[in-house]
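What follows is a set of notes on a single structure, which appears directly below.
Here, each number is a calculation from the coordinates, and none is a lab measurement. Bear in mind the structure is a predicted one, so any value in this text is a computation, not a measurement. Cβ atoms come from the backbone with ideal geometry, glycine included; neighbour counts cover every protein chain shown.
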Amino acid sequence: MTTISRPCGEIAVHGEFDLAAAARFLTGFAPAGQPDSEPGALRVAFALEGEWTPVGAVLRQRSPGEVTVEVHGPPEHTGAVVAQVERMCSLDIDGTAFPEAGARDPVVSLLQTLHPGLRPVLFASPYEAACWAVLSHRIWMTQAVRLRRRLTERYGTEVDVGGSRLWSFPAPAALAKLAYQPGLPGPKLPRLRAIAEAAAEGMLDAAALRAMPAEEALKQLQLLPGVGRFSAELILIRGAGHPDVFPRAETRLHEIMRDAYHLPDAGVAELAEIAEAWAPFRSWVSFLFRVEGEARMRESR
C-alpha cells in the first residue's frame, strides 16, 4: 500500500489557543460548517486569496505551542495556504497579552474562563465575508445559508480534504459573471458581482485593509454597493482579521453587553468607552461576547 505524502506546514502559537474549540465553533457556524470526522482536528476548504485556487487544509494541534497544517492543493501554494489558515484561526496575532484584558475587566475575565483558548474564527478572506454580508442582509439566517450553499455548489469547487469532501466558495471570476439565481433577491445579484470585481482587482486584500487605520478601511469598504457600516465592520473584523475594532453597528453585541454590565440604557458611545479596556483585542472580546450570547440563546430554547 502506497502512502501519499502531503505537504505540511507548522504554525507557532503565541498565547493560549485551543484548536478543538475553534473546530467546535466552525462546526456550528452554518456558512462554514465542517464535518466532525476527526475530533479536535479542523478541516477547511477555501479559495486561496489572490490566486483564487481551490485548496483545503487539515489543522491539528500537537502541543499548546504548535499547530500543524496538512495542505490539500498544489504544492507550490503550501506557504500561502498555511498563512491563510493562520489568519483564519487568528494565529497570526500574538495573544500572549490577551489575559490582561480580563485582568482589567472582570466581565471579560469570566468570558475567558468560560471559553478558554477560543480565538476568533474568521471567514477565509474579506471577499468571502463581503459576499456573506450581502447574502445575509435583511433576510433570515436560514435563507442566507441556503443561498450560499446553492451558489457554492453551483459555482464553487468540491475539494477532497483528508477524506472529507468540502466545498470551496466560488472564485471572484465565477461570481462576476453571475446570472439570475432562483431565490436570490434582485439587489443582491449586482452587489455580489461588484464585490467579486473588487476582489479580483485586489481591493479586498486582507493585509492592505489591516495596514490602514481602521476607520479609513471601514470608509473604503463602504464604497462597495450594499455595504454599510455593519457590513464593513464584519468584513474588516471577520474577513481581514483586524484584532482591535469595536463594532459600533452590531446591535446584538450591544444588547449582550448591556445585559452583562447591567447597563440597560447604555448608548453605543458608553459601550465603546467600556471596550477601550479591551485594547488591543477589542475584536477578540467582542467575539467572545457574541459566542456566549449565542450559547445562552440556545440554552433558553
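When the label point is put 7 Å from the Cα of Ala266 along its Cα-to-beta-carbon vector, which residues of the range 81-116 have a backbone N closer than 16 Å?
Label zone hits: 101-112.
Where is the GNM fluctuation largest for the chain (alpha-carbon springs, 10 angstrom cutoff): Met203, Met257, Met141?
Among Met203, Met257, Met141, the largest GNM mean-square fluctuation belongs to Met141.
Can you figure out the FRET efficiency of His14 with Ala179, using R₀ = 45 Å and their beta-carbon distance, to the nearest 0.05?
0.45
Would you work out the relative contact order for the range 8-94, in percent, from Cα pairs under 8 angstrom that are 6 or more residues apart?
Once divided by the residue count of the range 8-94, the mean separation gives 35 percent.
Looking at the square roots a ≥ b ≥ c of the eigenvalues of the Cα gyration tensor of the range 103-206, which shape do they give, rounded for a/c under 1.5, prolate if a/b is larger than b/c, or oblate?
Because a/c hits 1.5 or more and a/b exceeds b/c, the range 103-206 counts as prolate.
Students often check this: by mean Cβ neighbours within 10 Å, which of 94-104, 120-130 ranks highest, and how do the rest follow?
Values: 94-104: 15.5, 120-130: 25.7.
Listed from highest to lowest mean packing, they are 120-130, 94-104.
Given the DSSP H assignment, sum -39500 (n - 2.57) over each helix run of at least 4 residues in the chain and divide by its residue total; what's the result at 222 nm in deg cm²/dmol, nearest 500? Intermediate results must be reported in sequence, preceding the final value.
Details: 14 runs with 138 residues, N = 301.
Result for the chain: -13500 deg cm²/dmol, rounded to the nearest 500.
Under the definition of Cα pairs under 8 Å and six or more residues apart, what whole-number percent is the relative contact order of the chain?
Over the chain, the number comes to 18 percent.
Take the alpha carbon atoms of the range 216-256, find their center, do the same for the range 158-178, and report the distance between the two centers in whole angstrom.
So the separation of the two Cα centres works out to 25 Å.
Only counting other Cβ atoms within 10 Å, I'd like Ile237, Ile11, Ile274 sorted with the fewest neighbours first.
The fewest-first ordering by Cβ neighbours comes to Ile274, Ile11, Ile237.
What residues of the range 234-266 lie in the reach of a label at Thr113, counting those whose backbone N is under 20 Å from a point 7 Å from the Cα along Cα→Cβ?
Correct set: 257-263.
For a Förster distance of 30 Å, can you work out the FRET efficiency between the beta-carbons of Ala249 and Arg154, rounded to the nearest 0.05? If you can, show how the numbers build up before the last one.
Values: r = 31 Å, r/R0 = 1.04.
That gives a FRET efficiency of 0.45.
Would you indicate which of [x] 29, 25, 18; [y] 45, 20, 17; [z] 31, 22, 19 is the value of semi-axes √(5λ) of the Cα gyration tensor in Å derived from the coordinates of this structure?
Label [x] holds the value from this structure.
Can you give the relative contact order of the range 100-223 as a percent, counting alpha carbon pairs under 8 Å and 6+ residues apart?
Computed over the range 100-223, the figure is 19 percent.
Label the range 8-94 by shape, choosing from rounded, prolate and oblate, from the square roots a ≥ b ≥ c of the eigenvalues of the Cα gyration tensor; if a/c is under 1.5 it is rounded, and otherwise prolate applies when a/b is larger than b/c, oblate when it is not. Walk me through the intermediate numbers first.
Working: a/c = 1.63, a/b = 1.16, b/c = 1.41.
Note, shape of the range 8-94 comes out oblate.
Would you calculate the separation in nanometres between label points at Gln222 and Thr27, each defined as 7 Å from the Cα along the Cα-to-beta-carbon direction?
About 4.0 nm separates the two model spin labels.
Pick from Leu147, Leu234, Leu192 the residue whose mean-square fluctuation is largest in a GNM of the chain, springs joining Cα atoms under 10 Å.
Leu147
Would you kindly state how much longer the chain becomes between Glu276 and Leu189 on full extension, computed as 0.36 nm times their sequence separation minus their alpha carbon distance, in nm to one decimal?
27.5 nm is the gain from fully extending Glu276 to Leu189.
Measuring from centroid to centroid over Cα atoms, what is the spacing of the range 109-128 and the range 8-26 in Å?
With the range 109-128 and the range 8-26 each reduced to a Cα centre, they are spaced 10 Å.
Out of Ser63, Ser109, Ser90, any idea which swings most in a Gaussian network model of the chain, alpha carbons joined below 10 Å?
In this elastic network of the chain, the residue with the biggest mean-square fluctuation among Ser63, Ser109, Ser90 is Ser63.
Classify the range 75-164 as rounded, prolate or oblate from the Cα gyration tensor: take a ≥ b ≥ c as the square roots of its eigenvalues, call it rounded if a/c is under 1.5, otherwise prolate when a/b beats b/c and oblate if not.
It comes out oblate by the Cα gyration axes.
Between Ala103 and Phe230, 0.36 nm times their residue separation minus their Cα-Cα distance comes to what?
42.8 nm is the gain from fully extending Ala103 to Phe230.
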